[in-house]
Each structure stands twice: as structure tokens, then as C-alpha cells.
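Participant: I'd like to ask some things about the structure below.
What follows is calculated from the coordinates using simple rules that are stated; it is not laboratory data. Fair warning: this is a prediction, and the values are worked out from it, not measured in the lab. Neighbour counts run over all protein chains shown; Cβ positions are idealised from the backbone, glycine included.
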Amino acid sequence: MSTDSKVPSVILNNGVAMPQLGFGVWQVPDDEAAKAVATALEAGYRSIDTAAVYENERGTGEAVAASGIPREELFVTTKLWNSEQGHDSTLRAFDASLERLGLDYVDLYLIHWPVPAKDAYVDTYKALEKILADGRAKAIGVSNFLPEHLERLTAETSVVPAVNQIELHPQLAQAESRARHAELGIATEAWSPLGQGRGLLDVPALVAIGRKHGRTPAQVVLRWHLQLGNVVIPKSVTPSRIRENIEVFDFELDAEDLAAIGALDEGRRLGPNPAEFNVA
Ligand SMILES: NC(=O)c1ccc[n+]([C@@H]2O[C@H](COP(=O)([O-])OP(=O)(O)OC[C@H]3O[C@@H](n4cnc5c(N)ncnc54)[C@H](OP(=O)(O)O)[C@@H]3O)[C@@H](O)[C@H]2O)c1
């Protein structure tokens, strides 16, 4: 397989390069993940976003191993599930993730949710700092952390998270979090970047902008993210869409397009509010 990638990188706060567009595998069953990830790698994706709770780290790892792409050209992210928060349990959960992935390091390890009621994310993050120091993750970060959680984390730990992966799409543009991340030197990674494909991709303004550029609404939305500086991880199990979603580096939205997309923000979450999501 060719090792060329069309995807530019963002440089994280510890100097590690992360592809600005990757492939998400939430809700892809383990026995289908290898095929979907293989299609994505074939299409030029080099970054894969999985999580212990997705139960497809094994399939993801199989596709990575079978691809023949040199490990250092790939960027693999996985996440610690809520039930494993705590210092020692995190170290054990990380070992189990590596084993399922068939890897000896990940590129990025994230705390999946803050789980405020558990009050364990600081201790959990200290375990991530150890994993980082041991070279078993090239970068560490968080997911679904609100600015208040980041304030506490950065006050009580040493390593500023490289990434905060949050729900972000045109109907939930997350201006406050993005601004805080920029101040702290944290890269913003958008989950459900396409608004889970439901409804958003039929919005007339996006269809019209797509027509103007000869692109699909999904490509317009991904391009909007990229021009904001977000890292994006669209998911699809449909080969044509997997390929479509990476063809977003050869056109540019203008100021009028960006303003029209900006006007779609309703502050509407598809997923839970992290302040209240305490599922363990
Ligand atoms: N950290 C977290 O808490 C968290 C939470 C949610 C998601 N994530 C991560 O973010 C990734 C992406 O989010 P997501 O999976 O929720 O949603 P998404 O990427 O916004 O949307 C995926 C949906 O859109 C459809 N789709 C994809 N490309 C399309 C296209 N070009 N045209 C029309 N429809 C298209 C897919 O359908 P088909 O698959 O049927 O093609 C799928 O139903 C996840 O896979 C996961 O890695 C993280």
C-alpha cells in the first residue's frame, strides 16, 4: 500500500504531529472494524479513533497490522472507559487496550469522560502521565472535559492535555471551549463532526454551499472544521463515504460560507452533557 497521505498534521503541544483528519469507529462492530479501517487506510487516512468501550480495538488493530503501513506513519487513539477511572485501574485498562490493539504504544490516550460524580479524573490523569513518561503513549489528553474540568486538571497535574475531544459540529460550535483550548495550548478534536449524519447534512444552507463548490454537504462540514483548526474524525462504514470524507483538502470555503455555517449554531447537543454524564 502507498504510504502517501493527503492529510496535513497539526502539531500538538508536546511536538507530536497528529493528522488533522482521522477515522472514527464508534458503533462499528468488532468483526466489521477491520474491513472499515482497511478501507480507510487504503483511502489515505492514517489516524484511527477507537475506545475501549467501542469494543472494536481488536478489529482496529488487525487492520493496522494487515495494512503493512509503517507504525510510525499511523496515529492510533484509544480511550479509557469511565468504569476504569482511578490510578491503578487505569494502568491495567491501558495494558488491556494495548493487548487488544496488538500494539506496544498508542499515539494518543484519552480519558473518555470526566465523570464528575466519581471525582477520580485527576488521579486517572496522573496514571496517563506515567504512561506518557514510559513512552507507551506519544501524547495524552481528555475527552468531553468542560472548561471547569480543564481548570482543575491543569491546576493539579503537570502535563497539559494535548487534546480535548468534544462533541462539535455546526449546530454545536463550542466557541467557549475552543477559545479556552487555544489559550491552554490544547488541540480541539471534534466528535460527531458530521452531526451523526442525521438531519444536519440536509440543511439547505449546507446543500447550497456544497452546490457552489461542487461538493457534498458532508465535505462542506468537514472543510468548515478544518478551516476552524479542529481535528476531525468522521465515521462511516460505507466505502464511498469513507473516500468522500477525505477529499476535503483541495477546496476552500470563503468568508460568506463560513458565516452561513456559523449561523447554524444552536448549542444543541446530540450526546450527553459532560457535567451530568456519570455513567460508569
Ligand atoms: N469521545 C466521545 O465521547 C465520542 C462520542 C461520539 C463519537 N466519538 C468519535 O467520533 C467519531 C465520529 O462521530 P460519530 O460516529 O458519532 O458521527 P459522525 O462521524 O458525525 O457521523 C457518522 C454518521 O454519518 C454517516 N456519514 C458519514 N459520512 C457521510 C457522508 N459523507 N454522507 C452522508 N452520511 C455520512 C455515517 O453513516 P454510515 O456509517 O452508514 O456510512 C454515520 O451514520 C466516532 O466514530 C468516534 O470515534 C467520540
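Participant: Enumerate the helices in the chain for which the Kyte-Doolittle hydropathy averages 1.0 or more and the C-alpha atoms extend at least 27 Å along the helix's axis, using complete DSSP H runs.
Facilitator: Working: long enough: none.
Helix filter hits for the chain: none.
Participant: Mind checking which lysines have their Cα closer than 23 Å to the Cα of Lys118? Skip sequence neighbours fewer than 8 apart in that chain.
Facilitator: Cα-Cα hits under 23 Å: Lys79, Lys126, Lys130.
Participant: In addition: Considering just Cα atoms, how many Å³ per residue does the convex hull of region 1-76 enclose?
Facilitator: 87 Å³
Participant: Follow-up. Could you tell me how far the Cα centroid of region 1-79 sits from the Cα centroid of region 85-118, in Å?
Facilitator: One Cα centre to the other: 17 Å.
Participant: Order of Phe23, Phe277 from fewest to most other C-beta atoms within 10 Å? Walk me through the numbers on the way to the answer.
Facilitator: Details: Phe23 28, Phe277 16.
Lowest to highest Cβ neighbour count: Phe277, Phe23.
Participant: Taking only the alpha-carbon atoms of region 40-169, what semi-axes of the equivalent ellipsoid follow from 5 times the gyration tensor eigenvalues under a square root, in whole Å, largest first?
Facilitator: In descending order, the three semi-axes are 25, 15, 13 Å.
Participant: Taking the Cβ of each residue in Asp107, Asp119 as the centre, tally the other Cβ atoms inside 10 Å and list the residues starting with the fewest.
Facilitator: Details: Asp107 24, Asp119 10.
Lowest to highest Cβ neighbour count: Asp119, Asp107.
Participant: When the dipole is taken about the Cα centre of the chain, and only Lys, Arg (+1) and Asp, Glu (-1) are charged at their Cβ, what size is it in debye, to the nearest 20? The partial results should precede the final answer.
Facilitator: Values: 26 positive and 39 negative charges, 69 e Å.
Here the size comes out at about 340 debye.
Participant: For region 184-241, go through all pairs of different Cα atoms, get the mean of 1/r, take its inverse, and jot down that Kirkwood value in Å. Before the final figure, lay out the partial values.
Facilitator: Values: mean 1/r = 0.0824 Å⁻¹.
So the Kirkwood estimate lands at 12.1 Å.
Participant: A further question follows. Can you give me the Cα centroid spacing of region 119-197 and region 216-280 in angstrom?
Facilitator: For region 119-197 versus region 216-280, the Cα centre distance is 18 Å.
Participant: Quick one: Trp224, Trp26, fewest Cβ neighbours within 10 Å first, how do they rank?
Facilitator: Numbers: Trp224 26, Trp26 15.
In increasing order of surrounding Cβ atoms, one gets Trp26, Trp224.
Participant: Mind checking which lysines have their C-alpha under 19 Å from Lys212, skipping anything on the same chain fewer than 8 residues away?
Facilitator: Those lysines meeting the cut-off do not exist here.
Participant: Going from the alpha-carbon gyration tensor of region 227-280, what semi-axes, largest first and in whole Å, does one get by taking the root of 5 times each eigenvalue?
Facilitator: Numbers: eigenvalues 141, 83, 19 Å².
Gyration-tensor ellipsoid for region 227-280: 27, 20, 10 Å.
Participant: Shifting gears a bit: For the chain, what is Rg from Cα atoms divided by 2.2 N^0.38 Å, rounded to two decimals? Before the final figure, lay out each step's value.
Facilitator: Numbers: Rg = 17.9 Å, N = 280, 2.2 N^0.38 = 18.7 Å.
In units of the 2.2 N^0.38 Å rule of thumb, it is 0.95.
Participant: Tell me which residues come under 5 Å, amide H to amide H, from Val231 once H is placed; ignore anything under 5 positions away on its chain.
Facilitator: HN-HN under 5 Å from Val231: Thr188, Glu189, Ala190.
Participant: How compact is region 95-201 by the rule of thumb for globular proteins, expressed as Cα Rg over 2.2 N^0.38 Å? Working shown, then result.
Facilitator: Values: Rg = 14.7 Å, N = 107, 2.2 N^0.38 = 13.0 Å.
This ratio for region 95-201 stands at 1.13.
Participant: Considering only Leu80, Tyr105, Gly229, whose Cα is most displaced toward the positive end of the charge dipole of the chain, charges sitting on Cβ of Lys, Arg (+1) and Asp, Glu (-1)?
Facilitator: Projecting each Cα onto the dipole axis, the largest value belongs to Gly229.
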